[in-house]
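A.B. asks: Let me begin by handing over the structure; questions about it come next.
Read-outs throughout are calculated quantities, based only on the coordinates presented, and are distinct from any laboratory measurement. None of these values were measured; they are calculated from a predicted model. Every residue, glycine as well, gets a Cβ built from its backbone with ideal geometry; the counts of neighbours run over all protein chains shown.
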Amino acid sequence: MLLDASKIDQLQLQGHNCEIYNHDEWLKELATNNEAFESLSLHLTNLVVSVEDLNELAKKCHNLVSVKINSSCQIDIYDLHDFFHKATALEEFFGGKYPNEYTDLPLPLPVTLCQLGLPTIRKDTLAKLIPYAVALKKLDLTYSSDLDTHDHCELIRICTNLEDLRVSS
């Protein structure tokens with residue numbers, strides 16, 4: 001059990017390997033005991049979360065503005081539809097993966113989102129960003145190795161409010 005979890009508003013474990021006891025329940029317990037929780041960063045950690053964990057977090061924590069999950073979680077971005085629907089204050093999201101097969105479904109991203117990191121976006125799915133392009137101020141494509149300079153220039157053209165574009169070299 002977390003000590004006085006009701007006072008935690010941010011949990012930043014980015015870049016750390018962690019040993020968590022009661023591995024299947026820790027995030028649910030954090031969300032249940034702390035409705036004021038705002039920010040979770042598990043990017044570049046060994047911690048894996050499930051779709052159900054994220055749904056519970058979004059359901060309980062109405063102030064949730066930032067979530068970064070480990071790209072090794074392998075959660076399909078389309079499986080996060082309920083999470084994005086419940087996370088009404090969400091401004092920043094990093095993680096998830098695109099399905100291997102192309103789909104005509106629109107991305108299930110919330111309209112409040114202005115910072116987005118997609119580790120596995122491909123050339124054939126870039127058009128899915130167009131409905132969100134104007135709202136994006138930060139776009140992190142560091143791990144999207146399928147994109148080239150032309151794709152980056154196209155994103156700069158359509159994301160008119162973009163202040164920060166991160167790409168791999």
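A.B. asks: How much space per residue, in cubic angstrom, does the convex hull of the C-alpha atoms of the range 28-90 take up?
C.D. replies: Enclosed volume per residue, from the Cα hull, is 68 Å³.
A.B. asks: Can you list the residues, at least 5 places off or on another chain, whose amide H is less than 5 Å from the amide H of LEU11, using H built in the peptide plane?
C.D. replies: The list, which skips near neighbours in sequence, is SER39, LEU40, SER41.
A.B. asks: Relative to the compact-globule scaling 2.2 N^0.38 Å, provide the ratio for the alpha-carbon radius of gyration of the chain.
C.D. replies: Dividing the Cα Rg of the chain by 2.2 N^0.38 Å gives 1.03.
A.B. asks: Gap in Å between the Cα centre of the range 28-85 and the Cα centre of the range 94-147?
C.D. replies: So the separation of the two Cα centres works out to 18 Å.
A.B. asks: When Lys and Arg each count +1 and Asp and Glu each count -1, what net charge do the other residues less than 13 Å away from LEU105, Cβ to Cβ, add up to?
C.D. replies: -3
A.B. asks: What's the extension gain from LYS137 to VAL111 if we count 0.36 nm per residue and subtract their Cα-Cα distance?
C.D. replies: 8.1 nm
A.B. asks: Non-local amide H neighbours of LYS97 (under 5 Å, H modeled in plane, Pro and chain starts lacking H): which ones?
C.D. replies: When sequence neighbours closer than 5 places are left aside, the close amide H contacts are ILE75, ASP76, ILE77.
A.B. asks: Please state the charge dipole magnitude for the chain, taken about the Cα centre, from unit charges on C-beta atoms (+1 on K and R, -1 on D and E), reported in debye and rounded to the nearest 20.
C.D. replies: Charge dipole, the chain, about its Cα centre: 380 debye, nearest 20.
A.B. asks: So how far apart, in nm, are the two label points at ASN100 and HIS62 if each is 7 Å from Cα heading toward Cβ?
C.D. replies: Spacing of the two 7 Å Cα→Cβ label points: 4.2 nm.
A.B. asks: On to the next question. Of the options PRO108, GLN10, HIS152, report the single residue whose Cα projects farthest towards the positive end of the charge dipole of the chain (beta-carbon charges: Lys, Arg +1; Asp, Glu -1).
C.D. replies: Going by the charge dipole, the pick is HIS152.
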